[in-house]
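Here's the structure, in structure tokens; my notes come after.
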Amino acid sequence: MKVNWPKAILAGIIGTLLFDITGFLFNGTWWDIPRVLAGAIDIPLPVAVFMHYGNGVALAAIYAAMAPSLLGPGWLRALFFTTLETLMLVWFLLFPLLGLGIAGLEGGVIFPVLSMVRHWLYAIPLAYFFPVACEEESAPTSSKGCAEIAAC
């Protein structure tokens, strides 16, 4: 699968912006994740911001490549991808490495909730920029209506 890099870059940046705006609305801190990253590995904040947004672009590119192999309508594929990514990489890897325990529960109940909500909002541009058409939609003899195609 060939990745459309301009779309991946745009989706990753917009998704990460939505992620950051949501974090700001919940905790009043802009770039909370880059600040934690900068402190954890002792790098300047601008480098951590670049890494944070680079991660957003990389995840968008991975999603673009994987989306056709996932099931369901585009919005569900994007939510499934971000949910799985949050569980595997954030709840069971990042949070424990930061000393917050599984799902960040040692930091409070809000940690897993907020991390999932932020990643679900990140999924919005993924679903928008990488819609996946049903195989039946492209068939020249298809007689499916719009509602049936949208539900695939």
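The values are calculated or read from the model by the stated rules, or taken from the named source; none is laboratory data. Worth saying up front: this structure is predicted, and the values here are computed from it rather than measured. Reconstructed Cβ throughout: ideal geometry from the backbone, glycine too, with neighbour counts over all protein chains shown.
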Report summary line: In region 24-42, anything assigned to a helix (DSSP H, G or I) and either surrounded by 14 or more Cβ atoms within 10 Å (Cβ to Cβ) or at pLDDT below 95 (or both) is listed as PHE26, ASN27, ASP32, ILE33, PRO34, ARG35, VAL36, LEU37, ALA38, GLY39, ALA40, ILE41
Query raised in the report: Looking at region 65-76, which of the residues that are more than 15 Å from ILE124 (Cβ to Cβ) and of a type outside the set (A, V, I, L, M) is surrounded by the fewest Cβ atoms within 10 Å (Cβ to Cβ)?
Result: SER69
Report task. Name the one entry in ILE9, ILE62, ILE21 that is within 12 Å of the chain's Cα centre (by Cα), β-branched (Val, Ile, Thr), modelled with pLDDT of 95 or more and within 20 Å of PRO125 (Cβ to Cβ). Result -> ILE62
Query - Of all residues in region 77-124 being buried (at least 17 other Cβ atoms within 10 Å of the Cβ) and polar (S, T, N, Q), the one that is nearest to PHE19 (Cα to Cα) - result: SER115
